[in-house]
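K.L.:
Okay, here's the structure, questions in a sec.
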Amino acid sequence: MGHPDPLRTLIDRPINRNADHPPMASKNNDPAPPARLRREMRTIAAMIRLYCKKNHPHQGGMCRECQALLDYAANRLERCPFRGNKPTCARCPIHCYQPERRAQIRQVMRFAGPWMAIYHPYLMLRHYLDEWFIPPPSRPKQVR
């Protein structure tokens, strides 16, 4: 059996892989992630899948390394303190990825970015619009 699809998990229901650090809830305690986060998850999932398909041919889906990166990205998005006001990662004042994972995701984005115009033009366009029109927020105050 494979991993549950993090894309489907993030869209359909919140996931909580670590009970010690529950995900941030929205102000109205709505467990459904905002459309902005769902779109961000679709975009990053598409990029990782493209990267894996072109660089790690693997029957039956993604390789373990790429699946682990996708799970990690889903977890980071789930815990984003900005929720629906999340800027693109390049403009975010909080660098929530571990250095090793940040290097991996940069490699994926550099490779998959040009391919997104062919395979996922809508997601690419929305990503650029988000980058241009969603201002980078200041660091959120720590919620305890």
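K.L.:
With the requirement that a residue be under 18 Å from H56 (Cβ atoms), exposed (fewer than 14 other Cβ atoms within 10 Å of the Cβ) and of a type in the set (D, E, K, R), what does segment 93-112 give you?
P.N.:
Of segment 93-112, the ones under 18 Å from H56 (Cβ atoms) are 100-101, 103-112.
If we keep only those that are exposed (fewer than 14 other Cβ atoms within 10 Å of the Cβ) as well, we get 100, 103, 106-107, 110.
Within segment 93-112, E100, R106, R110 meet the criteria.
K.L.:
Output the number of the condition that A32 fails; it satisfies all remaining conditions of (1) buried (at least 20 other Cβ atoms within 10 Å of the Cβ); (2) outside any helix (DSSP H, G or I); (3) among the aliphatic types (A, V, I, L, M).
P.N.:
(1)
K.L.:
If you don't mind, another one. Would you point out the residue of segment 64-99, among those that are at pLDDT 85 or above and touching a Cys at 6+ places or on another chain (Cβ under 6 Å), that is nearest to A112 (Cα to Cα)?
P.N.:
So the residue we want is C66.
K.L.:
Is it the case that some residue within segment 125-140 is exposed (fewer than 12 other Cβ atoms within 10 Å of the Cβ), free of Cβ contacts under 8 Å to residues at least 12 places away in the same chain and among the polar types (S, T, N, Q)?
P.N.:
Checking segment 125-140: not a single residue is exposed (fewer than 12 other Cβ atoms within 10 Å of the Cβ), free of Cβ contacts under 8 Å to residues at least 12 places away in the same chain and among the polar types (S, T, N, Q).
K.L.:
Restricting attention to segment 81-92, and to residues there that are in contact (Cβ under 8 Å) with a residue 40 or more places away in the chain and within 25 Å of C52 (Cα to Cα), which single residue is surrounded by the most Cβ atoms within 10 Å (Cβ to Cβ)? Steps first, answer last, please.
P.N.:
Step one: filter segment 81-92 for residues in contact (Cβ under 8 Å) with a residue 40 or more places away in the chain, giving 81-88, 90-92.
When the remaining residues are screened for being within 25 Å of C52 (Cα to Cα), the result is 88, 90.
On the way: T88: 15, A90: 9.
So the residue we want is T88.
K.L.:
Oh, and also: Report, by residue number, each residue of segment 35-63 that is modelled with pLDDT of 90 or more and part of a loop (DSSP other than H, G, I, E, B).
P.N.:
C63
The values are calculated or read from the model by the stated rules, or taken from the named source; none is laboratory data. The shown structure was predicted, so the numbers you read here are calculated from the model rather than taken from an experiment. Every residue, glycine among them, receives a Cβ derived from its backbone with ideal geometry; neighbour counts consider all protein chains shown.
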